[in-house]
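Nothing in this text is a laboratory measurement; each read-out follows from the coordinates by a stated rule. Quantities reported herein were computed from a predicted structural model and do not represent experimental measurements. Here the Cβ is made from the backbone with ideal geometry for all residues, glycine too, and neighbour counts use every protein chain on show.
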């Protein structure tokens, strides 16, 4: 049993309550409930200030955490099945160096047509690692290397081999066989503070983020209404973020990172 309770993530309401206390707006409000505030209120029919600032700063916090490979933003072992062979004016599964294929949140483009049934997850932000195998096989997924300087002009083979991330698409030279993909990627968080959401039971899936997120929101509020406090609240926000990121860094320091032998084409093993 968890010490101190069962909720491991902060609720939206807990963050907003902390924000109101920091900006001296945690008195009783419209329903005479202490803490609901009179200026920065939850009710989006009255004011959207908190919802706008909350969603914007949650997005910013995620960007900050991605710089330290925040594990809460990593999605892994997401499988895409049945990426069909490269297609072009030369025909299906015929090598053609002038053709590339891609998969995006809109579907899979084989060089001629789009298949909307095969698509990247909507929360896909950027790839970390890609694997591939023959469709309908039970083989292990082989690494698809990131192409440095763009995809080469080459005859397609039985594997994708390389990928390039551009235009929010995973791009490949294509393959002569039908492939499956295994994705590891950084994901995004959708806007959590929306009309009708229960703020007290909607949780932010980032452990320990309450102070860091609240401090970021206070920076925005101070920039609008209390510029004289801006330097102090920015310093407080930076410290809260540092503490949150430092916990991730300290956890990673317990892992052993081993570089590959000299001359290996692959990069260092980073535990990603």
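Before moving on, here are some points about what is shown:
- Isotropically averaged projected area of region 85-177, using the convex hull of Cα atoms (one quarter of hull area), nm²: 6.0 nm²
- The per residue volume of the convex hull around the alpha-carbon atoms of region 1-142 is 224 Å³.
- 15, 233 arranged by Cβ crowding within 10 Å, fewest neighbours leading: 233, 15
- Alpha-carbon centroids, region 90-132 and region 192-240: separation in whole Å: 39 Å
- Here the chain is treated as an ellipsoid with the same Cα gyration tensor; its semi-axes, largest first and in whole Å, are 45, 22, 17.
- Calculated mean residue ellipticity at 222 nm for the chain: -8500 deg cm²/dmol, from DSSP H runs with n ≥ 4 weighted as -39500 (n - 2.57), summed, divided by the residue count and rounded to 500.
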